[in-house]
Each structure stands twice: as C-alpha cells, then as structure tokens.
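The values are calculated or read from the model by the stated rules, or taken from the named source; none is laboratory data. Just so you know, these numbers come straight off a predicted model, no measurement behind them. With ideal geometry, Cβ positions are generated from the backbone for all residues, glycine too; neighbour counts draw on all protein chains shown. Only protein heavy atoms, including side chains, enter the accessible area calculation; ligands, DNA and RNA are left aside. Shrake-Rupley method; radii C 1.70, N 1.55, O 1.52, S 1.80 Å.
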Amino acid sequence: MRAPKGMLDVLPPESARWIDVITRFASRAERFGYGLLLTPIVDHYEVFARVGATTDVVRKQMYDFVDRGGRRLALRPEGTAPVVRAYVQHRPPTPWKVWYLAPNFRAEQPQAGRYRQHWQLGAEVIGIDDPDVDVEIIELLWGFYGELGLSDVRLLVNSMGDAETRGRYREVLLAYWRAHETLLGAEMERAEANPLRILDSKRSDWLDMLERAPQLGEYLSDASAAHFERVQEGLQALGIAFEIAPRLVRGFDYYTSTVFELASGALDAAQNAIGGGGRYDRLAQEMGGPAAPSIGFGSGIERLLLACDAEGVLPVPATQLDAFVIDLVGVADTARLLAELRESGLAADRAYGGRSTKKQFAAAGRSGARWAVIIGADEAKRGVVAVKFLRSEQPQCEVRREEIAAWLRTRKDEAPT
Ligand code: HAM
C-alpha cells in the first residue's frame with residue numbers, strides 16, 4: 001500500500017522542520033496582529049466554484065463528491081474562499097486579520113514541487129482597501145522568507161485594476177487573441193471565456209505572442225493607478241525590492257487590483273512560485289455578504305522547504321533528546337525517574353521490552369541523547385544514578401537519585417546543547 005498519487009507522508013526527523021516553519025510563521029503572523037482561523041477541510045462545492053469557473057483548479061482538479069446527505073462538497077483546493085465564506089457567515093468586525101495552515105487538494109499532474117495534496121501557510125485581511133494593508137501583507141510574507149534564511153527570492157507585483165479597468169482591458173485583449181486564433185487553437189475557447197487566463201501561460205511557442213500582448217497597466221483607471229502607486233511607495237519605504245510583472249494576473253477569477261508572487265531563483269522555473277496572493281475586493285459580495293475589499297496570500301510549505309534545501313538553509317534540526325534512561329536491574333524506579341525528568345522540562349526516553357544492557361546502550365547511542373542515566377543494582381542501593389556523557393569525552397559520574405532531574409536541568413540551562 002502506498003500513499004495516494006501525488007500525496008506525501010512527512011516523517012520524523014524531516015517533520016521537525018515543518019514544526020519549525022509553522023512555528024515561525026505563527027509567531028510572525030501573531031506579531032502582525034493576525035489570529036489563527038481554522039475552517040473545515042471540506043466546504044460546499046459552490047464556495048469554490050466561485051473562485052474560478054475558467055480556471056483548471058475548479059474545472060479539472062477539484063476533489064468533489066456527494067455526501068451521505070446528498071450535499072455536494074469538495075476538499076479545499078485553496079485557502080481564500082473558505083476564509084471569505086467564514087467571514088460572510090460570522091460577520092466579525094473589520095479589518096478581520098487571520099492566518100491559517102491547511103492542506104489543499106488539486107488533482108494535478110504530480111512532479112517535483114507540484115502535488116495533489118499540498119500545505120499552505122496563508123494570511124488574509126478582510127474588509128479594508130487601504131494600500132498600506134497591501135504593503136503589510138507583502139511585508140509579512142517577505143520577512144518570513146528572510147527569517148527562514150532564504151535570500152534568492154524575487155517579488156513580482158502587478159495591478160489588475162478595478163472592474164472598469166478589467167472590462168476595458170478584456171475587450172482589447174480578446175481582440176488581440178482573436179487575431180492569433182490559429183496559434184491559440186483549442187485554447188481559443190478559454191480565451192473567449194476569460195481573456196486574462198491566457199496571459200500567464202508558460203508555453204514557449206506563445207512567448208512572442210504573449211510578450212506583444214496589450215498590457216493591463218496601460219488601461220488602469222486613475223483610482224487603480226493611484227492605489228498601485230501607493231503600494232509601490234510603501235514597499236520602497238520598507239526597503240522591499242520588487243519588480244513589476246505586467247503579465248502577472250494569477251490563477252483565480254477573484255483577483256482585483258494588487259497581485260503579487262514570490263519566485264525562488266533556486267527552484268525550476270515551472271514550480272518556482274513559493275508564495276502568491278493579491279486583492280479580491282468583490283468576493284465577499286459575490287458570496288452574498290457585505291462589500292468587503294480584501295487581500296491575502298498563500299505559501300506552499302513543500303515548495304518552501306525545497307527552496308530551503310536548494311539554498312542550503314534551515315537544515316533538519318538535530319535530535320533534541322536530553323537523557324536516555326538505562327535500567328540495568330529492572331526496577332520500578334525507571335518509570336518514576338523518566339516522569340521526573342520529563343516533568344522538569346527535559347526530553348527523555350528509554351528502551352522497552354526488557355532489553356539487554358548492550359541493546360539499551362546501543363539504543364541510547366542511536367537516540368542522539370546527551371546523557372545516559374543509568375540505574376544499576378549497586379547504585380540503586382546507594383541512592384545514586386550514574387551519568388554517562390554520550391556526546392563528549394567527559395568521565396562518567398554519579399549523582400544522588402533525588403537530585404538528578406535538577407542536576408541535568410542546571411547543565412542544560414547553562415549549555416543547551
Ligand atoms: P496559489 O498561487 O494557487 O494561490 O497557491 C499559493 C502557493 O501554494 C503557491 O505559490 C505554491 O507555493 C503553493 N502551491 C500551489 N499549488 C501547489 C501544488 N499543487 N503543489 C505544491 N504547492 C502548491 C492560492 O491558493 C491563493 N488562495 C492565494 C491567496 C490568498 N490569494 C489571496 N489570498
């Protein structure tokens with residue numbers, strides 16, 4: 001039996017990096033004033049249908065099913081729609097600043113950095129259209145990559161303008177696609193449904209056509225242009241380097257105004273987006289809620305870790321075990337001693353099943369622990385335990401049984417590793 005196609009198991013010790021990445025993100029998001037939002041892993045099909053009638057994610061990649069009550073549900077393919085659904089349902093005061101950690105499901109053709117289940121860390125600010133918020137959300141993500149130690153990351157930004165902008169631009173673009181109907185072939189249908197969908201294609205035979213396509217930036221309304229200008233000024237003020245990417249339109253239908261993507265220079269171009277997001281000023285209304293201009297991002301954990309590997313940063317943390325208890329006499333004190341060590345904040349383990357002395361020492365060595373705490377017959381009689389230093393040449397010593405937890409604790413606090 002193997003995990004389903006395109007889905008990964010994450011085992012220890014690799015999973016320790018996940019804890020690391022998630023903890024850093026959680027701490028950073030909380031420092032920026034965002035609270036954790038947990039939504040169900042499935043939601044109503046309609047919640048996701050709205051995010052992209054013309055996108056592959058919705059048309060071809062959704063894991064949807066009918067439940068026992070006859071409801072059409074889907075495994076979450078992305079994180080923004082459930083957040084907006086929760087906002088519309090609960091109507092919290094705005095700006096509503098939330099972060100999340102969630103698996104997403106897309107039936108893609110699996111390859112390195114592209115999976116059928118991937119995990120995203122994300123953040124959203126619902127109910128405010130201040131460009132300062134756009135800058136804050138980018139700063140949250142940009143600085144997070146810095147905290148992980150990533151440096152080969154490019155920030156691409158663009159503006160998709162308001163409804164008026166996009167309306168005008170769509171017409172111009174569609175006319176341009178029609179003039180290239182032969183080259184577009186079967187994709188012409190998609191171009192008719194949503195002319196923007198063709199723009200960020202990576203097909204090499206379209207490169208020339210794409211490069212010469214009319215640019216959204218030239219059609220921005222005054223208000224959209226002013227908003228985008230403020231975002232750029234805000235990024236400059238914080239020293240965040242960015243590039244304007246005129247063809248960046250992102251893969252969901254909900255995007256409006258500011259959009260951005262973070263590309264790792266250490267990954268293959270086809271899967272180099274380690275994070276992306278943008279404004280979606282109309283989605284709450286489209287879901288039957290009040291007007292609530294909003295912005296957010298999602299960042300894939302698997303890809304982030306691939307980028308860390310490629311840059312040689314954030315290695316798997318070394319084992320954090322402090323003590324390994326070796327019981328040479330089979331006394332009931334082992335469980336009590338372990339409990340004392342663990343309750344005093346030390347990481348401690350043991351072997352099970354009445355292992356021989358040799359096997360227990362071998363297990364202690366493999367465990368990566370700093371000390372072996374040995375309960376021997378003679379020592380037990382004298383009310384002491386022996387301490388062997390597994391990571392250094394220091395000579396073995398004896399410590400009074402009732403003092404061992406405090407003795408180890410003090411040494412750990414003085415020199416944590
Ligand atoms: P997205 O660009 O589809 O946006 O995904 C965000 C990130 O998730 C990508 O940059 C990438 O790192 C990762 N990712 C996406 N698909 C896969 C996959 N198949 N395998 C591995 N990693 C993947 C969204 O999902 C939007 N909800 C982002 C957003 C939030 N926009 C506004 N707010």
Among segment 45-77, those whose backbone N falls under 17 Å of a label point 7 Å along Cα→Cβ from Glu108 are 52, 55-63, 75-77
Percent antiparallel among DSSP beta bridges confined to segment 323-411, nearest 5, equals 50 percent
Segment 82-190: Kirkwood hydrodynamic radius (Cα pairs, Å) comes out at 18.1 Å
For Val88, the accessible surface traced by a 1.4 Å probe with all protein chains present amounts, in square angstrom to the nearest 10, to 20 Å²
Under the 7 Å Cα-to-Cβ spin-label approximation, Ala237 and Glu403 lie apart by a distance in nanometres of 6.0 nm
Whole-Hz Karplus couplings 3J(HN,Hα) for segment 173-190, θ = phi - 60° and coefficients 6.51, -1.76, 1.60, Gly and Pro as x, run 5, 4, 4, 5, 4, 4, 6, 10, 3, 4, 5, 6, x, 5, 6, 4, 4, 5
Rounded to one decimal in nm, the spacing of the 7 Å Cα→Cβ label points at Glu393 and Ala377 is 3.4 nm
GNM of the chain, Cα pairs under 10 angstrom: of Gly277, Gly376, Gly296, the biggest fluctuation goes to Gly376
Amide H contacts under 5 Å for Asn104, restricted to residues at least 5 apart in sequence or on another chain and with H modeled in the peptide plane, are His118, Trp119, Gln120
Per the Kirkwood formula over distinct C-alpha pairs, the hydrodynamic radius of segment 323-411 in angstrom is 12.9 Å
Checked against the positive end of the charge dipole of the chain (+1 on Cβ of Lys and Arg, -1 on Cβ of Asp and Glu, about the Cα centre), the farthest of Trp18, Tyr87, Leu140 is Trp18
Counting Lys and Arg as +1 and Asp and Glu as -1 over every other residue whose Cβ sits under 12 Å from the Cβ of Leu314, the net charge comes to -3
Whole-percent carbon and sulfur contribution to the accessible surface of the chain (1.4 Å, no ligands, DNA or RNA) stands at 52 percent
Among segment 1-28, those whose backbone N falls under 17 Å of a label point 7 Å along Cα→Cβ from Asp309 are 6-21
Residue span Thr23 to Glu164: 0.36 nm per residue of separation minus Cα-Cα distance leaves a gain in nm of 46.6 nm
The Cα radius of gyration of the chain, divided by 2.2 N^0.38 Å with N its residue count, comes to 1.26
With only helices counted (DSSP H, runs n ≥ 4, each -39500 (n - 2.57)), the per-residue ellipticity at 222 nm for the chain, to the nearest 500, works out to -11000 deg cm²/dmol
Which of Gln111, Gln320, Gln232 fluctuates most in a GNM of the chain (C-alpha springs under 10 Å)? That residue is Gln320
In whole angstrom, the spacing between the Cα centers of segment 126-201 and segment 288-326 equals 25 Å
Note: Lys358 to Arg71 extended length (0.36 nm per residue) minus current alpha-carbon separation gives 97.4 nm
